Every structure is written in C-alpha cells, then in structure tokens.
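Structure first, commentary second.
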Amino acid sequence: MNSGTKLRELLARGEMLVAPGAYDAITARAVEHAGFAAVYMTGAGTAAALGYPDYGLATMTEMADNAARIAAAVSVPVVADADTGYGNELNVARTVREYERRGVAAIHLEDQVFPKRCGHLDEKRVIPAAEFVSKIRAAVESRADRDFVIIARTDARAVAGFDEAIARANAALEAGADMAFVEAPETLGEVLEVPRRVRGPCLLNCVHGGKTPLLGLDEAERAGYRLAIVPVMLLVASLLACDDALESLRKTRRHPEPASAMNVRDVFRRFGAEEWDALRRRFGV
C-alpha cells in the first residue's frame, strides 16, 4: 500500500488525524516513535534547517529532497508543505510530480504570491482567486496516483477577509482538491466556523504564538476538523533544549547531565541500528 492510500485510510476513520511537524529525519523518527500515525514536514522548519527564515527562500528541490529524507525515515505517511508550488501552473505540475515520486502522501499548496511568507506573519499577499483555482486544478490533474492527496491552502483571511478565504477554500475543493486549509483564522469563532462553511474536509494549523487562537485537539475534532498539524513545536523545543545544554556547557565546562537516561546505543537504536547490525551479521565476512 502506498503512502497516499495509507493517509486516505487514516483520514476515513472517525477520529481526527494529528500530524506533528518534523524538519528532518531525527524529528520525523521522534514523531513516529511517540505513536503518531502521520508526520507533517514543516516548511518553516525545513527553511530553518537550511539557515533561513520562512520567507520562501527554500527552493522546490530543497523542500522536496527534505520531504524524501523524512518519508524514507518513517513508515507512517508524510504530509508536506509545498509552499506556492514555486511558480505558475507548470511549476505546480512539476512540484506535484517531484513530491509524489519521493514517497510523500500529501502536499499543501497555497495562494500567496511567490516568494511567500510564513502564514502567521504580517505583510502577506495573495494571487487572484482564479489563478489559485487554476493552480489547484493543475496539481490535481498532474498527479500520477489518484490517492496522492492535494490540500488547498488559502492565506486570504489576512488580505481579503474571512468570507473570501472561505470562498477560495470551497472553489479549490470544487476544482478537485481533497482537503481545504484556511490559514490563520484570527478568532475562536472563525476557527470553529471554518468546518461549518467549507464544503469538504478541513485542516487546522496549530501554531503557538501565531495569529490563530489555540484550540485543544479534542475541541478541534468536535468542531469537524479532519487533520491537525503542529508545525513548529519540535523546532522550538529543539532550539530551547540546545540553548540550555550549550549554556550549561559554557558555564560549567562539563558535559551537562541529560534530562533522562539515553546512552549512545539508545540513540543509534532509535535510527535502526538493530536492523543494520543484522545485515552486517548476515553478509559480513
């Protein structure tokens, strides 16, 4: 069973699917190890891993290659950020093909101008609605596997208002998108209204400190959301943990005590050491 089919089966179940954000194979393995049934490749985290802010500076190849590494590291389906599709309808068609052949289960495409900005920053701009719908149609018709999931994201709330964002989400679904992603609703009422007004499955983006009030996952499920992503939680946790450990090393000039016991073997075991050891025993001279 391919990853798109796996994802569709998960989405067809009664409960909302939760996909924490990963920015590399390490964090992707952590998400799977914690028992989550899907991984979200965060675009903001991918850009950060390359040394950039989430300003649309990462290229399509860099993003798709990171998605490939993450998809290869886990057995659960990967939902990946594909930004704007990196150009016009032709670029969108190629983007879909590149992500699909890398083993990703789903991508989301947005209606910002290129280069884009993080959805929870100011000064965003969006393309005309008709152009957005055309790009979604190109994405839908370009996939080789009908089970590859296309998620249509609109950032129009910040630019043209909530009603326009809902209209764009519905237009994208009519064009063949499998799910709608209304980015950055600004009040709790708007968050709850999205699944009521959008005529299809909806994704909720959970960003601490962003423009959208945080909603508990149980509340989001009751509101009607089918998928929730938590993009930067592990990125922030990693940055804070690194800051603490490095500050301790700088001040004490001793290796800091780990928060919990995990030795080198435990670390390698997390990344498949036992499988590789078995291969070495089988084929080694």
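Here Leu214 meets the list (1) part of a loop (DSSP other than H, G, I, E, B); (2) among the hydrophobic types (A, V, I, L, M, F, W, C); (3) within 16 Å of the chain's Cα centre (by Cα) almost entirely, failing just condition (3).
Taking Arg8, is it in a loop (DSSP other than H, G, I, E, B) and closer than 28 Å to Arg222 by Cβ? Break it down into steps so the answer makes sense when it comes.
Working: in a loop (DSSP other than H, G, I, E, B): no; closer than 28 Å to Arg222 by Cβ: yes.
It is false that Arg8 is in a loop (DSSP other than H, G, I, E, B) and closer than 28 Å to Arg222 by Cβ.
In region 239-259, the residues that are closer than 19 Å to Gly51 by Cβ never reach a residue that is open to solvent by 100 Å² or more (accessible area, probe 1.4 Å) and basic (Lys, Arg) with C-beta atoms less than 6 angstrom apart, at least six apart or across chains.
Checking Ala139, Ala144, Ala156 one by one, the residue that is among the small types (Gly, Ala, Ser) and open to solvent by 40 Å² or more (accessible area, probe 1.4 Å) is Ala144 and no other.
Does Asp266 count as under 20 Å from Ala180 (Cα atoms) and either among the acidic types (Asp, Glu) or over 28 Å from the mean Cα position of the chain (by Cα) (or both)? Against the criterion (under 20 Å from Ala180 (Cα atoms) and either among the acidic types (Asp, Glu) or over 28 Å from the mean Cα position of the chain (by Cα) (or both)), Asp266 does not qualify.
Looking across region 1-42 at every residue that is crowded, with 24+ Cβ neighbours inside 10 Å and free of Cβ contacts under 8 Å to residues at least 60 places away in the same chain, the one that is nearest to Leu121 (Cα to Cα) is identified as Val39. Loosely packed, with under 13 Cβ neighbours inside 10 Å, touching a helix residue (DSSP H, G or I) at 6+ places or on another chain (Cβ under 9 Å), at negative phi and not in a loop (DSSP other than H, G, I, E, B): which single residue out of Leu246, Leu239 fits that description? Exactly one of Leu246, Leu239 is loosely packed, with under 13 Cβ neighbours inside 10 Å, touching a helix residue (DSSP H, G or I) at 6+ places or on another chain (Cβ under 9 Å), at negative phi and not in a loop (DSSP other than H, G, I, E, B), namely Leu239.
The values are calculated or read from the model by the stated rules, or taken from the named source; none is laboratory data. Remember, it's a predicted structure, so these values are computed and weren't measured experimentally. Using ideal geometry, Cβ is built from the backbone for each residue, glycine included, and neighbour counts are taken over all protein chains shown. Note: accessible area is taken over every heavy atom of the protein model, side chains too, but ligands, DNA and RNA are not part of it. Shrake-Rupley method; radii C 1.70, N 1.55, O 1.52, S 1.80 Å.
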